[in-house]
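First the structure, in the form of structure tokens, and then the observations on it.
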Amino acid sequence: MNTFSGANWVIFFAVLSFVASLVATIAFFKSSRSKLLNEQNGWAKLARGAFVIETICVFGVFITLYYIISSHYHEYYYAWNHSSRSLEKKYLFASFWEGQEGSFMLWNIWHCVLGWIVIWRSKKWQAPVMAVISLAQVCISTMLLGIYFFGWKMGSNPFALLRNELNAPMLFTNPDYLQFPKIFEGNDLNSALQNYWMVIHPPILFLGFASTIVPFSYAIAGLMKNDHTWTKAAIPWAAFSGAVLGTGIMMGAAWAYESLNFGGYWAWDPVENASLVPWIVMIAGLHTNLVYKSSGYSLKSTYLFYILSFSLVLYSTFLTRSGILGDTSVHAFTEQDMTVQLVGFVLLFFIPAMVLYFYRSKSIPSIKKEESSYSREFWMFIGALVLFLSALIITAKTSIPVYNKIFGTNIAMPEDTMFSYNQIQIFIAIILGVLTAVTQYFKYKNTDKKVFYKKIAIPAGIALVISLCISLIGNINYTEKGAGFMIAIHVAMFAAVFALVANASYIWIGLKGKMKSAGASIAHIGFALALIGIIISSSRKTVLSENTTGIALLPKSKDYDPQENITLFKGIKTDMGKYDVTYARDTINNSNHKKYFELNFLSKDGKENFNIYPDLIKNNKGAEGQSANPDNKHYWDRDIFVYVSAAQDGTQDDTSQFKPVDMKPGDSAFYSNGIIIMNGVVTNNDSLNRKLLPGEKGIGINMTVISKDGMHYRAMPIFALKDNDLRIIPDTVIAQSLIIRFNRLADVNQGKLELGIKEDKSVQNIITLKVYQFPFINLLWMGIIIMVTGFIISIVQRVRTGLKVAAS
């Protein structure tokens with residue numbers, strides 16, 4: 001039996017990590033409060049030593065858990081519950097952070113890495129900043145203890161044994177229980193997470209989450225010391241957090257686009273929102289920080305935004321892991337109830353931070369003189385407020401399950417959830433687009449009006465012409481939500497193009513083409529390009545899969561419209577508007593248990609001919625049915641997005657029976673999806689004669705099948721005679737999975753025949769497809785890459801400037 005014997009040591013390391021982080025917190029705090037240099041250095045030395053031990057323990061626990069998972073030591077519940085022996089090796093890391101414990105451990109790892117960078121780079125602020133980071137480590141480490149206090153369980157131990165967690169006492173009486181097939185194989189990784197994005201998206205996202213604590217810690221340190229010189233050091237960290245967290249969020253959008261079948265990249269899912277809101281607030285804080293650095297305004301706002309950004313990360317952790325979202329999100333954890341700890345985690349940081357903020361509020365320097373409305377700092381502050389307003393609106397809508405839980409209400413989300421967000425955020429986008437365009441053309445303090453209007457007029461005119469061309473020639477005509485929303489889309493298009501043109505112009509006009517100094521403008525160009533991509537791909541998103549067959553595998557529902565899901569029969573070319581589509585073949589990949597469908601798309605003009613391979617994977621973890629994984633055909637100007645919405649497997653066993661029915665010409669009989677009419681008998685026609693063997697005489701029974709949706713189908717079962725030998729030739733109506741045959745003469749005098757009618761689901765392999773076209777969606781992904789590039793340029797420039805200042 002393959003077992004792992006080092007669990008006790010690992011549990012010891014988990015506990016030691018908790019103790020070391022607690023010691024580091026106290027020692028860093030004492031160092032930050034000490035007046036004497038010798039005391040400061042002594043406490044700091046102890047703190048760094050404790051942080052070394054903590055880091056070793058955290059990495060040791062991380063490596064050990066991965067080793068247990070990859071080696072399939074299924075005596076441990078976590079390894080059994082989140083992986084399987086048949087799981088592809090490339091998804092083992094996804095198994096690691098599928099559960100709460102693994103993702104907390106990932107968060108812990110990043111805090112350690114970021115902590116050492118702070119220790120290396122920050123001298124004056126090292127102790128107070130690290131005190132806050134170490135306190136967060138204390139809280140996270142408690143999530144991994146799994147220790148009971150007076151009947152209450154603190155955390156969840158990732159090294160808990162299967163026999164102690166699984167409620168199956170009879171199973172564990174057998175000493176060879178690990179060889180039982182279900183235990184030996186493992187409970188597998190959630191089928192929706194068996195995607196390469198789930199290997200790389202969570203580490204980036206959690207690095208973004210973890211990084212928000214650094215600006216937060218600088219803000220807390222500044223409030224504790226009543227010293228506001230920290231803001232300069234925090235700017236690169238805020239930019240880093242914005243870049244990484246934004247990248248992580250959009251990686252999640254790419255995963256949704258490639259793996260989920262709602263037909264898009266953003267659904268305003270509660271967990272998506274919970275990760276987006278801290279990023280929005282962090283960007284607001286970054287901008288007010290820049291304002292303070294250059295003008296002395298907006299320091300209070302900077303404190304508030306950095307405090308709220310990390311607090312909202314903790315709140316998103318509560319939403320995701322407490323189970324309060326239930327079935328409202330595809331991302332939420334519901335396995336372990338850590339509500340008490342998670343609420344405590346949020347309140348431990350948020351309440352003291354806000355108390356300290358209000359306590360120090362009067363001593364935070366602020367300029368009494370109002371900013372000029374023709375100054376850069378004024379409009380940057382307005383932009384930050386608009387971002388904050390957007391974050392508040394999203395948080396309020398996302399928190400509806402929390403309100404219901406606390407107050408016992410039953411508030412329901414609107415039926416069209418996406419539009420309930422879009423109808424507000426479209427106006428936020430318009431304001432941000434315009435502000436992104438004009439703000440850099442203002443100078444700090446004050447700007448000459450004539451100079452400003454002269455510089456901004458040309459970009460505005462160019463943007464107006466381009467946006468009108470896109471709207472008119474590009475046929476942006478989204479009328480589904482009314483004329484008002486369509487007008488807002490056109491205005492948003494102008495705002496986005498204006499932001500793109502104005503920032504590109506500013507690089508050459510304002511910065512004289514100096515790309516090293518153009519990080520902000522490049523980031524703004526990326527934002528504008530992404531916004532253009534979102535507007536075009538969403539407003540001109542088209543359903544291509546109009547059902548020309550009239551055949552549906554499923555009834556109409558909220559998630560399935562037969563008119564928008566085309567039915568394909570294996571091997572038969574089917575008309576789908578612009579394309580002829582053929583369901584060529586299917587195959588099962590035994591390594592990942594996915595059934596792939598090879599679909600050939602041939603455009604009517606013959607210019608496009610490509611294959612696409614969507615797949616179905618059987619749901620696990622207690623879910624029934626199958627999950628559809630889309631596939632895409634990428635063009636420079638559009639994506640063809642395809643997924644299998646329903647499938648009928650013709651290889652299944654035929655267990656249905658022929659039902660005998662007596663009929664004469666003019667009679668009808670019912671079947672589950674319609675009616676069968678016997679028109680008469682045929683003794684000589686081409687269709688009949690083609691099916692007869694030499695010397696046979698045949699009689700065909702002319703029948704019409706009418707389905708519930710009004711479609712008519714012809715059928716002609718035959719019986720043939722030769723030398724007193726009777727041969728029965730059934731006929732099949734494939735579209736209705738219907739087989740009709742002649743059984744015998746029922747009543748010669750009345751001219752009645754006994755027919756056999758069978759509804760056979762094994763008649764044919766059939767699938768239905770949902771096909772979308774997303775125009776210019778590549779602008780979105782390109783915009784994100786450019787925006788992150790702008791962040792990186794800004795970070796590098798500020799770090800280099802800081803090094804030069806330090807060296808001088």
Phi to ³J(HN,Hα) by Karplus 6.51 cos²θ - 1.76 cosθ + 1.60 over the range 472-479, Hz, x for Gly, Pro: 8, 5, x, 6, 7, 9, 8, 9
Output for the range 338-426: GluC sites (Glu not before Pro) sitting in coil per DSSP, at most 15 other Cβ within 10 Å, listed by number, reads Glu370, Glu415
Out of every Cα-Cα pair in the range 264-322, what percent are more than 16 Å apart? 49
Accessible surface, the chain, averaged per residue in Å² (probe 1.4 Å): 46
Using label points projected 7 Å from each Cα along Cα→Cβ, tell me how many nm separate Asn590 and Asn410, to one decimal. 5.2
Kirkwood estimate for the range 32-168, i.e. one over the average of 1/r between Cα atoms, Å: 16.8
Quick one: Cα centre-to-centre distance for the range 61-107 and the range 256-300, in angstrom? 31
Aspartates and glutamates whose Cα lies under 15 Å from that of Lys578, excluding same-chain neighbours fewer than 8 positions away: Glu546, Glu564, Asp605, Glu608, Asp639
Loop-resident sites, the range 601-646, for trypsin sites (Lys or Arg not before Pro), counting at most 16 other Cβ within 10 Å (DSSP): Lys604, Lys607, Lys621
Local charge sum around Met198 (other residues, Cβ-Cβ under 11 Å, Lys/Arg +1, Asp/Glu -1)? -1
Which trypsin sites (Lys or Arg not before Pro) in the range 700-808 sit in a loop by DSSP (not H, G, I, E or B) and have at most 16 other Cβ atoms within 10 Å of their own Cβ? Lys708, Lys761
Equivalent ellipsoid semi-axes - Cα gyration tensor, the range 237-390, angstrom: 33, 21, 10
Kirkwood Rh for the range 175-248 from C-alpha pairs, in Å, is 15.6
Against the 2.2 N^0.38 Å scaling, with N counting residues, where does the range 380-467 land? I'd like the Cα-based Rg ratio to two decimal places. 1.58
Flagged links, alpha-carbon separation over 18 Å, of Lys445/Lys804; Lys556/Lys618; Lys30/Lys124; Lys90/Lys594; Lys369/Lys445; Lys556/Lys708: Lys445/Lys804; Lys556/Lys618
Classify the range 614-722 as rounded, prolate or oblate, taking a ≥ b ≥ c as the square roots of the eigenvalues of its Cα gyration tensor: rounded when a/c is under 1.5, otherwise prolate if a/b is larger than b/c and oblate if not. prolate
For Thr479 and Asp559 in the same chain, what is the full-extension length gain: residue separation times 0.36 nm, less their Cα-Cα distance, in nm? 26.7 nm
Computed from the beta carbon distance with a Förster radius of 60 Å, FRET efficiency for Glu624 and Asp448 to the nearest 0.05 stands at 0.30
Relative contact order (percent, whole number), the chain, Cα cutoff 8 Å, 6+ residue spacing: 10
Hey, could you pull the Cα Rg and Dmax for the range 685-726, both in Å? 13.5, 44
The range 159-219-the range 543-558 distance, computed between alpha-carbon centres (Å): 38
Taking the Cα atoms only, what angle lies between the long axis of helix 7-33 and the longest principal axis of the chain, rounded to 10 degrees? 40
Take the range 26-103, drop everything but the C-alpha atoms, weight them equally and run the Debye formula without solvent; then report log10 I(q)/I(0) at 0.11, 0.20, 0.26 Å⁻¹ to two decimals. -0.47, -0.79, -1.10
On the accessible surface of the chain, probed at 1.4 Å with all protein chains in place, carbon and sulfur together account for a percent value of 61
Taking each pair of distinct Cα atoms in the range 517-558 once, what is the resulting Kirkwood hydrodynamic radius in Å? 14.1
Using a cut-off of under 19 Å, list every residue of the range 77-97 whose amide N is near the label point 7 Å from the Cα of Leu166 along the Cα-to-beta-carbon line. 77-87, 95-96
Using the Karplus curve 6.51 cos²θ - 1.76 cosθ + 1.60 with θ = phi - 60°, work out ³J(HN,Hα) for each residue of the range 295-302 in order, rounded to whole Hz, and write x for Gly and Pro. 10, x, 8, 6, 5, 4, 5, 4
Once each part is reduced to its C-alpha centroid, what is the distance from the range 716-783 to the range 489-526 in angstrom? 61
Rg/Rg_globular for the chain, with Rg_globular taken as 2.2 N^0.38 Å and Rg from C-alpha atoms: 1.18
Return the calculated 222 nm mean residue ellipticity for the chain, to the nearest 500 deg cm²/dmol, obtained by summing -39500 (n - 2.57) across DSSP H runs with n ≥ 4 and dividing by the residue count. -17000 deg cm²/dmol
Dividing the Cα radius of gyration by the Kirkwood radius, what Rg/Rh value follows for the range 702-808? 1.68
Given the C-alpha atoms of the range 384-534, compute the convex hull and give its volume per residue in Å³. 145
Under Karplus coefficients 6.51, -1.76 and 1.60, residue-wise ³J(HN,Hα) of the range 517-528 in Hz, glycine/proline x: 9, 9, x, 5, 5, 5, 4, 5, 4, x, 4, 5
What is the diffusion coefficient of the range 508-592 in µm²/s, taking the Kirkwood radius over Cα pairs and the Stokes-Einstein relation at 20 °C with a viscosity of 1.002 mPa s? 121
At 7 Å along Cα-to-Cβ for each site, give me the label-to-label distance between Asn8 and Lys300 in nm. 6.0
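The values are calculated or read from the model by the stated rules, or taken from the named source; none is laboratory data. Just so you know, these numbers come straight off a predicted model, no measurement behind them. Please note: Cβ atoms are built from the backbone with ideal geometry, for glycine as well, and neighbour counts cover all protein chains shown. Side chains are part of the model used for accessible areas, which takes the heavy atoms of the whole protein and leaves out ligands, DNA and RNA. Shrake-Rupley method; radii C 1.70, N 1.55, O 1.52, S 1.80 Å.
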